[in-house]
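Notes follow the structure.
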Amino acid sequence: MQGLAKVLNKPSPKSTKNYINFLGLSSKILSVMCKSLGILLANTGTPDAPTLKAVRRFLAQFLADPRVIEMSCWAWLPLLHGIILNTRPRRSAKLYQRVWDERGSPLLYHTRDLAENLEAALRARLPEASLNVAVGMRYGNPSIKDAIGELREKGATHLVILPLFPQYSNTTSGTIIAAVFDELKRWRAIPPTEIINNYHDHPAYISAVAESLRAFWAQSQKPEKLMLSFHGIPAAYAEKGDPYDAQCLRTAELLAAELTLGEDEWLAAFQSRFGRQEWLQPYTSQTLEKLGAENLDNLGVVAPGFAVDCLETVGELGDEGRESFQNAGGGEYRYFPALNASDLHVEALSEIILERIQK
């Protein structure tokens, strides 16, 4: 950078331009080099352990979020603390125990691996820039407060907030962004902050998911039908203006086109319904039973809304989904893992971040 600074101090614009061209750098890249970037990768979160106590603590924080449960607190909180937190944690703890391994919670360690690989990739592409990537969870640990505090301690003068949800929902990206600014408003000097609130149709993301599926299919075979399963939200939220369902369907359409799938070779559905109210349909669980009852020979399932594998993918789709499909009469069933910390994922997120910070 010292050599570059000397040239930039010279009065001749031509010499400056030539030097920049020599380095292969644009003025936008140069502006990035003058910043100290702090990049937050944010996810929903996970219990600290697959125990009843830890799961109850996690669910109490998660289900008390008014952006997740849009009910009057006077009506919801007595129900939450009087009934739900006395019944649901036991079942959830058993589910977490099934997916927990020697590294702990898949959601947490996959997110940390992704952050580490992403930081290395961005530093390789911007060797003169100062940047750090931190992991923050909306619920549980490490918290968003601790993560952006870590970035501040490392000298970040500009923040990039990336919720790891390709499709925006108030229940996911929305509550993460709100939590970030709830913390930032306590800072005396609030840094310039860039929000990437969705990337559901970004070519780099679509290409990464499609290429990942092609790689799996090359190892075995292309399924007769591909189900694209997205996490559900109450239908009422979409009716109020949440763009989530439209973005999910757009992602599904783009992936089907990228994979050149015919109309009868794919379908989209929504999983993880909670409570009695109507959620986005069709429901993944009912669709799996229906396809099984039709004696479908070979079904592939992917969850493009999940950046990393977690309870809802490994447990709900990988284990419970297979049981539902095959018990109903279906044949071969294969869940295709999330992008996790793969090179494809790192490259896609690098493109998305660089495109945003160079604007």
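The values are calculated or read from the model by the stated rules, or taken from the named source; none is laboratory data. Since we're looking at a predicted model, the values are computed, not measured. Glycine also receives a Cβ, built like all others from the backbone with ideal geometry; neighbour counts cover every protein chain displayed.
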Requested in this report: Return the residue satisfying two criteria in turn: it lies in the range 94-142 and is in contact (Cβ under 8 Å) with a residue 24 or more places away in the chain and in contact with a Lys or Arg (Cβ under 7 Å, 6 or more places away or on another chain), and of such residues it is farthest from LEU59 (Cα to Cα).
Outcome: LEU131
Query - GLN167 in contact with a Cys (Cβ under 6 Å, 6 or more places away or on another chain), in contact (Cβ under 8 Å) with a residue 12 or more places away in the chain and not in a strand (DSSP E or B) - result: yes
Report task. Answer with yes or no whether ALA147 is among the hydrophobic types (A, V, I, L, M, F, W, C), surrounded by 18 or more Cβ atoms within 10 Å (Cβ to Cβ) and not in a helix (DSSP H, G or I). Result -> no
Query raised in the report: Where in the range 1-90 are there helices (runs of 4 or more DSSP H), lying fully within it, with 2 or more residues that are in contact with a Pro (Cβ under 9 Å, 6 or more places away or on another chain) and at pLDDT 95 or above?
Result: 52-63
Report summary line: The condition from (1) of a type in the set (Ser, Thr, Tyr); (2) within 22 Å of LEU296 (Cα to Cα); (3) in a helix (DSSP H, G or I) that THR251 misses is numbered (2)
Report task. Answer yes or no as to whether LYS185 is modelled with pLDDT of 95 or more and exposed (fewer than 13 other Cβ atoms within 10 Å of the Cβ). Result -> yes
Requested in this report: Inspect the range 228-241 for any residue being assigned by TED's automatic domain parsing to the domain that holds CYS310, closer than 22 Å to ARG356 by Cβ, in contact (Cβ under 8 Å) with a residue 12 or more places away in the chain and surrounded by 20 or more Cβ atoms within 10 Å (Cβ to Cβ) and give the result as yes or no.
Outcome: no
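In the list GLU351, GLU320, GLU289, GLU355, which residue meets the criterion of being under 26 Å from GLN219 (Cα atoms), assigned to a helix (DSSP H, G or I) and of a type in the set (Asp, Glu)?
GLU320
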